[in-house]
Amino acid sequence: MSPSTSALIVAVVGVAGTLLSGILAHRGTLRSTSMELEHARKERQEERGAAERRENAEARRVSYVQLNKAIRELHLLLWQHRESLAAAAATSNTPDAAPATPDATDRTDALRDLREAYATAQLVVSDDVLLAAGKVVHQLQRVHTQLTRHEHPSHRTPTPLDALLEELQAASEGLYEVRQHMRRDLGITTLPIERPDNHGSA
């Protein structure tokens, strides 16, 4: 091999090496950039997911506060209404004609507030809360209807007041369970769903 041929080969190899190293460096840069972009995309996705979870948790918390308050308020008013009717029945010769109690408007407002809170809850709360709350809400609506029949007698025979007291007591236990489902969903309790003995009233 002549010196000129050897020099040509060396030159070609050198040029090829230079080109190849540039190509490899470019591919490495592209791969690194692609990895950085993918990492950034995953970070943004995780941040969006975390933000959505925070927003959902806050929406549930707000709904839980409203629903818990609405159930408690109506339950208290119905309890007072039943007590008033029972007292009137005990001191009157015509218990079925007991006079209307002065808090009828409050009960109507409380029932409306509960329906609104429950309607909102149906769109944001967990299944466990919704099932437990639905049972109590329907129970209180039924008690309200029966107490109204006691207050305004008609051809329909209302449920006895003693039986309605039992329903309100059961609703009190149901409210405790609803609240525990709410607290458990928010991660702020480890207490059992059912009320422990001597734990107090709702």
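The values are calculated or read from the model by the stated rules, or taken from the named source; none is laboratory data. Note that the structure is predicted; figures quoted are calculated from it, not measured. A quick note on method: Cβ atoms are made from the backbone with ideal geometry, for glycine too, and the neighbour counts reach across all protein chains shown. Quick note on the areas: whole protein, heavy atoms, side chains included, nothing else; ligands and nucleic acids left out. Shrake-Rupley method; radii C 1.70, N 1.55, O 1.52, S 1.80 Å.
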Legend entry - Near pairs, Cβ below 6 angstrom, 6+ apart or cross-chain, from the range 103-129 (among the charged types (D, E, K, R)) to any residue that is part of a helix (DSSP H, G or I): D106/L77; R107/L77; D113/A70; D128/H181
Inset, instruction - From A40, A7, grab the single residue that is modelled with pLDDT under 70, open to solvent by less than 90 Å² (accessible area, probe 1.4 Å), of a type outside the set (S, T, Y) and part of a helix (DSSP H, G or I). - result: A7
Inset, instruction - Tell me which residues, restricted to the range 115-131, are touching a Leu at 6+ places or on another chain (Cβ under 9 Å) and of a type outside the set (S, T, Y). - result: A117, A121, Q122, V125, V129
Inset, instruction - Could you tell me whether any residue of the range 32-43 is in contact with a helix residue (DSSP H, G or I) (Cβ under 7 Å, 6 or more places away or on another chain) and at negative phi? - result: no
Inset, instruction - Return the residue satisfying two criteria in turn: it lies in the range 174-202 and is at pLDDT below 90 and charged (D, E, K, R), and of such residues it is farthest from S63 (Cα to Cα). - result: D197
Legend entry - Any hit, the range 109-120, residues being at pLDDT 90 or above and among the basic types (K, R): yes
Inset, instruction - Hey, could you check the range 147-196 for residues that are in a helix (DSSP H, G or I), within 20 Å of the chain's Cα centre (by Cα) and of a type in the set (A, V, I, L, M, F, W, C) and say which is farthest from A104 (Cα to Cα)? - result: M182
Legend entry - Residue in the range 51-58 that is more than 18 Å from R184 (Cα to Cα), surrounded by 10 or more Cβ atoms within 10 Å (Cβ to Cβ) and out of contact with any Cys (no Cβ under 9 Å at 6 or more places or on another chain) present: yes
Legend entry - Cβ-Cβ under 7 Å pairs, at least 6 apart or on other chains, the range 151-177 side closer than 20 Å to E73 by Cα, far side acidic (D, E) and part of a loop (DSSP other than H, G, I, E, B): E177/E194
Inset, instruction - Could you tell me which of the residues V65, V137 is closer than 30 Å to H181 by Cα and surrounded by 13 or more Cβ atoms within 10 Å (Cβ to Cβ)? - result: V137
Inset, instruction - Confirm whether L85 is at pLDDT 95 or above and part of a helix (DSSP H, G or I). - result: no
